[in-house]
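Asker: What follows is a structure written as C-alpha cells; I'll ask about it next.
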Amino acid sequence: GGAMRLAGFHSLTMSNLALSFSRAGCLDKRLLAEVRGEILGRSLKRCVGMSALSEEGLCMVDTKPRSASPDPREEEDANMMVSCQDLVGVAWASCVAGEQEDTELLARVLMSAEANLEYLSYPLLKQLVQVVITMMPLKRSSELPPTPLLSSVHSAPDEVADDLLRRSDALPPSFVYRMMSALRVQMPMAERMGLASFEAPQSSNLHLKVSETLRGMKVPHGNEQPVLGGVLYIDIAVDGGLAIEVDGPTHFVGASKERNPETLFRARVLEKLGWRVLSVPFTEFQSLRGTKEKSAYLSKCLRKIDSRKGFSRGQRNGQKKHAGKK
C-alpha cells in the first residue's frame with residue numbers, strides 16, 4: 001500500500017517531491033492523499049513544538065515519542081522528523097494541485113507555524129500566507145467586504161491582517177497579525193538575498209500593450225498593483241475588483257493552451273481575496289492586428305466577466321479608492 005511505500009521516505013523528501021510534482025502538474029490525487037496522510041500521521045504522534053533550529057531558520061519538530069530508554073536505532077532514524085517546512089510544503093503542494101479548505105491540514109500547519117513564525121524564512125512565509133488564504137473557510141458572501149484590498153510593502157501589516165480576518169472567522173487573529181508582521185520583518189533580509197523586492201516588478205511588453213489598449217478604451221486601471229503587502233502583484237487591476245492577468249508563455253504547460261498549475265493557483269488565491277480574475281493569453285492577444293481588433297477583444301472579455309453573478313456598479317465605484325491609476 002501507499003503508506004508502506006512512503007514509510008521509508010524522509011519527511012523533507014516527501015514534501016519536496018510533492019512540491020515538484022504539483023508545480024509540474026504531475027501530482028496524482030491519490031498519491032497526494034497518501035503523502036498528506038503520512039505527514040499528518042507523523043505530526044500527530046506528538047504535539048508540535050520547537051526542538052531544534054536548522055541553518056535555514058526552520059524549526060525542526062520531532063514527532064517521535066521518546067521513551068525512558070530509547071532504542072538507538074530509532075534515535076538514528078530521521079524519517080519521522082517533521083518540520084514546519086515539511087508541513088507547509090505539503091499543504092502548498094495540495095493547494096497548487098487544486099485542493100481547498102482542508103481544515104485538518106490547515107490546523108496542523110497553524111499549530112506548527114505558531115511556535116516558529118519569527119524563525120521562518122521569507123519564501124516559506126509567502127507559502128504559508130497563500131496556504132492560509134486557500135484553506136481558510138470564507139464567511140457567507142453577504143458578510144464579505146464589498147471590494148478587495150490593494151496593499152503594498154509599505155502598508156501596515158495589521159491592515160492586511162484585518163482584511164483576511166474580515167473574510168474568514170476561522171483564523172486565530174493573533175496568528176494572522178504575527179504572520180503578516182513576520183513577513184514584513186523578513187523582507188529587508190530577503191531583498192538583500194534577492195528573494196524579495198520593495199519595488200514593483202517590471203511589466204512585460206505584452207502587458208504594456210494590453211494596458212495601452214485599456215487606456216485607449218478609457219478603462220481606469222493600475223499596473224503591477226500589490227496585494228497582501230507585496231506578496232503578490234496583479235498585472236492590471238481594474239476598478240470594480242477585476243484582476244487582469246496577462247499570461248505569457250511561462251504560464252502555460254509546454255506549447256499547449258492549458259495554464260499551468262501555479263498560474264491557476266495564483267488565480268484561486270486572488271479570487272479568495274475577492275478579485276474576479278480575467279486571463280489574457282499571449283496566444284490570443286498577439287494574434288490581433290491593430291488597435292481596433294485589440295479593443296474589441298478586450299471589450300468582449302470585460303463584458304463577459306462583468307456579467308458574472310455578484311458584480312455590481314457599486315462594487316466598480318467602491319474599488320476606485322483602492323486602485324492606483326497609471
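Asker: For the subset of segment 234-284 comprising residues that are acidic (Asp, Glu) and assigned to a helix (DSSP H, G or I), which member is nearest to residue 147 (Cα to Cα)?
Answerer: 271
Asker: Does residue 294 qualify as being over 30 Å from residue 164 (Cβ atoms) and touching a Leu at 6+ places or on another chain (Cβ under 9 Å)?
Answerer: In short, yes.
Asker: Let me ask something else about it. Residues 267, 237, 296: which one is small (Gly, Ala, Ser), without any contact (Cβ under 8 Å) to a residue 60 or more places away in the chain and under 28 Å from residue 156 (Cα atoms)?
Answerer: Criteria check complete, one pass: 267.
Asker: On to the next question. Can you tell me which residue within segment 194-247, out of those that are polar (S, T, N, Q) and surrounded by fewer than 17 Cβ atoms within 10 Å (Cβ to Cβ), is farthest from the chain's Cα centre (by Cα)?
Answerer: Residue satisfying both the conditions and the ranking: 205.
For (1) polar (S, T, N, Q); (2) free of Cβ contacts under 8 Å to residues at least 24 places away in the same chain; (3) under 17 Å from residue 115 (Cβ atoms), each residue gets a yes or a no:
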position: 172; (1), (2), (3): no, no, yes
position: 182; (1), (2), (3): no, no, yes
position: 204; (1), (2), (3): yes, no, no
position: 210; (1), (2), (3): no, no, no
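Asker: Hey, residue 39 hits all of (1) more than 20 Å from the chain's Cα centre (by Cα); (2) of a type outside the set (D, E, K, R); (3) more than 14 Å from residue 92 (Cβ to Cβ) but one; which does it fall short on?
Answerer: It is condition (3) that residue 39 fails.
Asker: I'd like the residue in segment 98-116 that is touching a helix residue (DSSP H, G or I) at 6+ places or on another chain (Cβ under 6 Å) and closer than 19 Å to residue 12 by Cβ and, out of all such residues, is surrounded by the most Cβ atoms within 10 Å (Cβ to Cβ).
Answerer: 113
Asker: Let me ask another. Under 6 Å between Cβ atoms, which residue pairs at least 6 apart in sequence (or on different chains) link something in segment 244-263 that is within 16 Å of residue 287 (Cα to Cα) and outside the structural domain of residue 92 (by TED's automatic domain parsing) with a partner that is surrounded by 13 or more Cβ atoms within 10 Å (Cβ to Cβ) and charged (D, E, K, R)?
Answerer: Pairs that qualify, where the first residue is within 16 Å of residue 287 (Cα to Cα) and outside the structural domain of residue 92 (by TED's automatic domain parsing) and the partner is surrounded by 13 or more Cβ atoms within 10 Å (Cβ to Cβ) and charged (D, E, K, R), are 246/235.
Asker: Here is a further query. Name the single residue that is nearest to residue 268 (Cα to Cα) among those in segment 212-233 being in a loop (DSSP other than H, G, I, E, B) and not β-branched (Val, Ile, Thr).
Answerer: 220
Asker: Go over the candidates 89, 98 one by one and state the one that is at pLDDT 90 or above, closer than 29 Å to residue 252 by Cβ, assigned to a loop (DSSP other than H, G, I, E, B) and outside the structural domain of residue 177 (by TED's automatic domain parsing).
Answerer: Only one candidate passes the filter, namely 98.
Asker: Then there is this: Of these, 120, 165, 150, which one is at pLDDT 95 or above, farther than 19 Å from residue 34 by Cα and not polar (S, T, N, Q)?
Answerer: It is 165.
Asker: I would also like to ask the following. Which one is nearest to residue 161 (Cα to Cα), of the residues in segment 191-211 that are touching a Lys or Arg at 6+ places or on another chain (Cβ under 9 Å) and assigned to a helix (DSSP H, G or I)?
Answerer: The extreme case among them is 211.
Asker: May I ask you to verify whether residue 180 is in a helix (DSSP H, G or I), farther than 20 Å from residue 300 by Cα and either in the same structural domain as residue 114 (by TED's automatic domain parsing) or in contact with a Phe, Trp or Tyr (Cβ under 8 Å, 6 or more places away or on another chain) (or both)?
Answerer: When the stated conditions are applied, residue 180 does not pass them.
Asker: Continuing with the same structure: Looking only at residues in segment 16-30 that are among the aliphatic types (A, V, I, L, M) and in contact (Cβ under 8 Å) with a residue 24 or more places away in the chain, which one is farthest from residue 254 (Cα to Cα)?
Answerer: Ranking the qualifying residues of segment 16-30, first place goes to 18.
The values are calculated or read from the model by the stated rules, or taken from the named source; none is laboratory data. Only a predicted model underlies this, so the values are computations on that prediction, with no experimental measurement involved. Glycine also receives a Cβ, built like all others from the backbone with ideal geometry; neighbour counts cover every protein chain displayed.
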